[in-house]
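The values are calculated or read from the model by the stated rules, or taken from the named source; none is laboratory data. From a predicted model like this one, the values you see are computed outputs, not experimental measurements. Every residue, glycine as well, gets a Cβ built from its backbone with ideal geometry; the counts of neighbours run over all protein chains shown. Only protein heavy atoms, including side chains, enter the accessible area calculation; ligands, DNA and RNA are left aside. Shrake-Rupley method; radii C 1.70, N 1.55, O 1.52, S 1.80 Å.
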Amino acid sequence: MSGAASPDRWADEHDIDLGAVESPEAAPAPPAPAPRRMRFPNAAMAFAAVVLALAAGVVTVAKWLPAAELNAEEVVTGFLEAARRGDIAAALAFTDQPHATGDFLVPEALDTRWRVVEVGQVSYTKSPRPGRVTTQVYAEIEAFDGTRIGFRYLVGIEDGAAVIENALATSEAYPAFDHLDVNGVTAKVDEAMGITNLMLLPGVYEFYPDLPSTMELETEGAVLALGNRFVLLGEDRSDEWLPIPWPTVSAEGEALIDTALVAYLDACVAAPDTAGCPLGFPADETRTVAPAPGAAWEIASYPKVDAQWWGYELLQGFVLVTTEPGEARIAAVVTEGGESRETVVSCPIWADGLFADLDFAGGAAITRADGTTIERCNSLVEVE
């Protein structure tokens, strides 16, 4: 699947008149004497043609790249090829950040399944600072699946050196987990901020390649990066926002959550006063309800839930939403109007406000997040 290149490939280009040389306007020349017919050997004519061609070439270099030995295209090409073969130090040597460091500026974080498609200078500007010029060099790379991305590199030429001045960009990432895994290299996330910063060389980057089978990614898990642009593999539009995919629960994960929820509610039966447990009699001004002597809650049916990916919270997991409430029953003594009777009451069970935490070892646990869970029956129905 081949994506479109960057839309600004040909923007802001300059037409260069290779035959025009800036010079003061010359005065009219005097009439030339009548020419004399002369014969030149073929070799002499060929030599004259070569001289003219070289002169035209000098004009081209003078107008396009004043320092002929500092080729901006070669600088960008060298940077890209060094990054593609995993030579971090060699790649950084082409930039104005030769000593840059980062969690993912290591060979282990690089994926070589991409190639350089195009490198071409598209502009040249003299700087107000004496002896300095800048050029823009368009580069385009292609991932193994055909996805492409383009970016304009800014190459500064000064004091006999040419370096890329926008080769590395820092991107903010908001991962769902307490760590970010890129091509198998892990970096911790600031738990207080829920954010991490990362710097990437050009190439292919896959997020969470070792995600357990209980979870899936909602979108493609790999991106192609170039400069400060990113594109998901298979897409045709790049963005400055790094698209880290969000986790969803797989069918295996859903079954594991159901099992964990059953265990959680069974523990509530044994200790119904535990915080976060949904078993408890509601307040009622007209009557009182208390467990019958020796009675205990029983789960008649467990609630059915969905784990919502949009409700994922760092260090807490997936928020649970009840799709079908369950039911719990208990023998109770109801006192009303001064009279008491023993009956069996039914209480609906809701799981809203609970979280399912799926760990990277393939396990699941139900957690109480913030106290918003229903901790008592919101209604009672007599069933006997």
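What distance in nm separates the two pseudo spin-label positions at A267 and A290, each 7 Å out from Cα along the beta-carbon direction?
3.0
Classify the range 72-166 as rounded, prolate or oblate, taking a ≥ b ≥ c as the square roots of the eigenvalues of its Cα gyration tensor: rounded when a/c is under 1.5, otherwise prolate if a/b is larger than b/c and oblate if not.
oblate
Spelling out what I want: for every residue of the range 240-246, take phi, set θ = phi - 60°, compute 6.51 cos²θ - 1.76 cosθ + 1.60 (Karplus), and round to whole Hz; glycine and proline get x.
7, 7, 7, x, 6, x, 9
Collect residues whose amide H, placed 1.01 Å from N in the peptide plane, falls under 5 Å from the amide H of D103; neighbours closer than 5 in sequence don't count.
So D103 has HN proximity to M199.
Let me test this: with uniform point scatterers at the alpha carbons of the range 211-280, what is the Debye-based log₁₀ I(q)/I(0) at q = 0.19, 0.26 1/Å?
-0.79, -1.03
V122's amide H: which non-local residues (gap 5+, or another chain) put their own amide H closer than 5 Å, with H modeled 1.01 Å from N in plane and none for Pro or chain starts?
Answer set, sorted by chain and number: Q136, V137, Y138.
Between E74 and D359, what's the calculated FRET efficiency when r is the beta-carbon distance and R0 is 41 Å? Round to 0.05.
With R0 = 41 Å, the Cβ-Cβ based efficiency is 0.25.
Mind checking the range 200-262 for GluC sites (Glu not before Pro) that DSSP puts in a loop (not H, G, I, E or B) and that have at most 15 other Cβ atoms within 10 Å?
In loop regions of the range 200-262 (DSSP not H, G, I, E or B), the sparsely surrounded GluC sites (Glu not before Pro) are E218, E240.
Could you give each residue of the range 185-191 its phi-based ³J(HN,Hα) in whole Hz, using Karplus coefficients 6.51, -1.76, 1.60 with θ = phi - 60°, and x for Gly or Pro?
For the range 185-191, the Karplus-derived couplings read 9, 10, 10, 6, 9, 5, 5 Hz, x marking Gly and Pro.
Roughly how many Å² of W350 are accessible to a 1.4 Å probe, to the nearest 10?
Ignoring ligands and nucleic acids, W350 comes out at about 80 Å².
Restrict the search to the range 62-167; then list the trypsin sites (Lys or Arg not before Pro) that DSSP places in a loop and that have at most 16 other Cβ atoms within 10 Å of their Cβ.
The qualifying sites are R85, R113.
Can you give me the C-alpha center-to-center distance between the range 145-173 and the range 75-140, rounded to a whole angstrom?
5
Which value in nm describes the separation of the simple spin-label points at M199 and R132, placed 7 Å from the Cα toward the beta carbon?
Each label point lies 7 Å from its Cα, and together they span 2.0 nm.
Quick one: which residues, 5+ away or cross-chain, put their amide H under 5 Å from the amide H of L354? H built at 1.01 Å from N.
The list, which skips near neighbours in sequence, is L320.
What is the distance, in nm, between label points placed 7 Å from the Cα along the Cα-to-Cβ direction at T170 and at R113?
3.1
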